[in-house]
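Remarks on the structure that follows.
Here, each number is a calculation from the coordinates, and none is a lab measurement. Note that the structure is a prediction, hence the values are computed from the model and not measured. With ideal geometry, Cβ positions are generated from the backbone for all residues, glycine too; neighbour counts draw on all protein chains shown.
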Amino acid sequence: MHPAVSIGMYLAGVTITYILCHVSIKPGYIISPVLKGLYFVVTALCLLAATTPIFGAMLPDGKIKFFLQKVGDIWLGFFVYFPLLVLVLSILQGIIRLFHGPMIRGLVPGISFVVSLTLLIYGMIHAQQTVVTYFDVDIAAKDAPEEDLKVILLGDLHLSVNSVLSTTEKMVELVNAEDADVVLIAGDIFNSSYNGLSQPEKYAEALRGMKAKYGVYAVYGNHDVKETLFGGFPISPISEAFRIKEMEDFMADCNFKVLYDETVEIADGKVQIVGRIDGEKAGDGTSNRMSPAEVLSGIDPDKPVIVLQHEPVEFAALYENGADLAVCGHTHAGQIFPGNLIVPLFNENAYGYKNVGGLDTVVTSGVGYYGPPMRIGTNSEVAVLTVHFK
Ligand SMILES: [Fe+2]
């Protein structure tokens with residue numbers, strides 16, 4: 001979508017919401033000067049906050065831009081719910097009026113404001129409360145290890161202006177407590193930016209502390225490129241989306257081995273991990289990557305094959321070409337209600353374990369957040385997969 005269209009739609013939403021609130025309150029009817037003052041202060045603050053995503057997108061990289069992006073992302077968390085509530089309550093108030101009921105002034109924006117603010121605060125706190133989720137997967141292969149394989153699946157860190165270092169450090173503690181065989185990171189380590197992350201060296205130091213017997217492997221996701229962001233969401237075309245050197249250096253600094261449409265063997269050569277380039281943004285301004293048939297052409301069909309990719313797609317083709325298990329991220333499980341109800345409509349597997357056309361798949365909700373730094377109805381998680389071989 002063209003940046004002007006995104007910003008135009010957003011401004012239309014802000015304007016409609018403002019008009020609906022204004023109609024409901026009619027400031028001229030407020031007799032108390034204290035209430036009148038409060039109304040104007042809150043309105044002014046909201047309108048000021050509403051400008052932050054726009055300036056956060058337009059200004060050049062720097063402290064002011066990143067501050068505005070930080071505030072803008074939080075504002076959007078509030079603005080996800082506020083217009084929706086205003087609209088629903090305005091319709092309700094309209095129906096009440098239709099039946100000659102009373103016009104309860106201030107009810108629409110008042111309730112909408114308090115509920116949206118409460119949801120924002122809850123969602124921001126909950127997003128930092130990373131949980132550990134356990135999955136069991138069975139793989140039948142002729143030449144498999146005798147022991148189970150413990151895999152940590154991480155995804156969607158979205159390191160950005162609203163990341164919290166202590167939450168990343170806590171995530172590393174949770175990972176290390178599992179004493180896993182391998183850590184797989186399913187992309188979106190960054191949030192379409194590198195410079196917005198303050199103290200990247202501290203994050204790298206924390207992530208470098210992640211331990212697993214066979215190491216940490218990662219693939220890039222559609223946000224591991226530099227793009228123009230509007231409220232945390234990219235608005236520039238794919239042809240302008242390039243991975244920058246700082247991102248690659250950061251991954252090397254973390255001791256993450258990035259897989260670009262390639263296969264590595266772990267567990268004494270008995271398990272194959274196939275890491276795919278992202279199918280939306282390859283990092284070179286294209287969407288080019290190997291097809292499932294191409295990327296799996298060199299595998300040993302007798303040994304277990306685990307495919308690591310960002311988006312939960314092409315499951316049938318992966319299965320047909322010899323994959324036993326696909327592990328992905330990208331969906332965030334919908335991140336905030338009602339997203340958790342919507343993403344299953346557009347994904348073969350939106351979250352958790354699911355056998356899709358014969359292929360075992362696990363999609364993690366991720367450990368970070370995208371746009372608003374909040375989670376409602378979903379968890380920030382470290383997924384632990386115990387793979388049993390038959
Ligand atoms: Fe993501």
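Neighbour counts of other C-beta atoms within 10 Å: give me 351, 18, 122 arranged from fewest to most. Can you show the working numbers first?
Numbers: 351 23, 18 17, 122 13.
Least crowded to most crowded, the residues run 122, 18, 351.
Taking the chain as a Gaussian network of alpha-carbon nodes connected by springs under 10 Å, the highest mean-square fluctuation of the residues 116, 32, 239 belongs to 32. Taking 7 Å steps out from each Cα toward its Cβ at residue 95 and residue 202 produces label points 5.0 nm apart. Among the listed pairs 63/257; 245/303; 70/226, a Cα-Cα separation exceeding 29 Å is found for 63/257; 245/303.
From the gyration tensor of the Cα coordinates in region 48-105, what semi-axes in whole Å does the equivalent ellipsoid have, largest first, with each one equal to sqrt(5λ)? Before the final figure, lay out the partial values.
Details: eigenvalues 284, 14, 11 Å².
Whole-Å semi-axes of the equivalent ellipsoid: 38, 8, 7.
Name all residues of region 105-122 having a backbone nitrogen under 19 Å from the label point set 7 Å from the Cα of residue 36 along its Cα→Cβ direction, giving them as ranges. The answer is 105-107.
Restricting attention to the chain, close to 35% of DSSP beta bridges with both partner residues there are antiparallel. By other beta-carbon atoms within 10 Å, ranking 34, 387, 88 with the fewest at the front produces 34, 88, 387. Cross-link partners of residue 36 among lysines, defined as those whose alpha carbon lies under 29 angstrom from its own and excluding same-chain residues fewer than eight positions apart: 26.
Can you tell me the length gained on complete extension of the stretch residue 5 to residue 131, counting 0.36 nm per residue apart and subtracting the Cα distance?
Numbers: separation 126, 0.36 × 126 = 45.36 nm, distance 3.77 nm.
So the extension gain works out to 41.6 nm.
For residue 226, the residues whose modelled amide H falls within less than 5 Å of its own, excluding neighbours fewer than 5 places apart on the same chain, are 242, 243, 244. With helices as the sole contributors, the chain gives -13000 deg cm²/dmol at 222 nm; each DSSP H run of n ≥ 4 counts as -39500 (n - 2.57), and the sum is divided by every residue. Comparing mean-square fluctuations of 121, 104, 139 from a GNM of the chain with C-alpha springs under 10 Å, the top value falls on 104.
Of all the options 94, 221, 371, the one that moves most in a Gaussian network model of the chain with Cα springs shorter than 10 angstrom is 94.
In a reduced charge model with +1 at each Lys and Arg Cβ and -1 at each Asp and Glu Cβ, the chain shows a dipole moment near 2460 debye about its Cα centre. With a Förster radius of 25 Å applied to the C-beta separation of residue 138 and residue 302, the computed FRET efficiency comes to 0.90.
Of the complete DSSP H runs in the chain, those spanning 30 angstrom or more by Cα along the long axis with a mean Kyte-Doolittle score not below 0.0 are 3-25, 33-58, 63-98.
Ranked for footprinting exposure by Cβ neighbours inside 10 Å, fewest first, 113, 256 give 113, 256. The three principal axes of the Cα atoms in the chain give end-to-end lengths of 80, 46, 38 Å, sorted in falling order.
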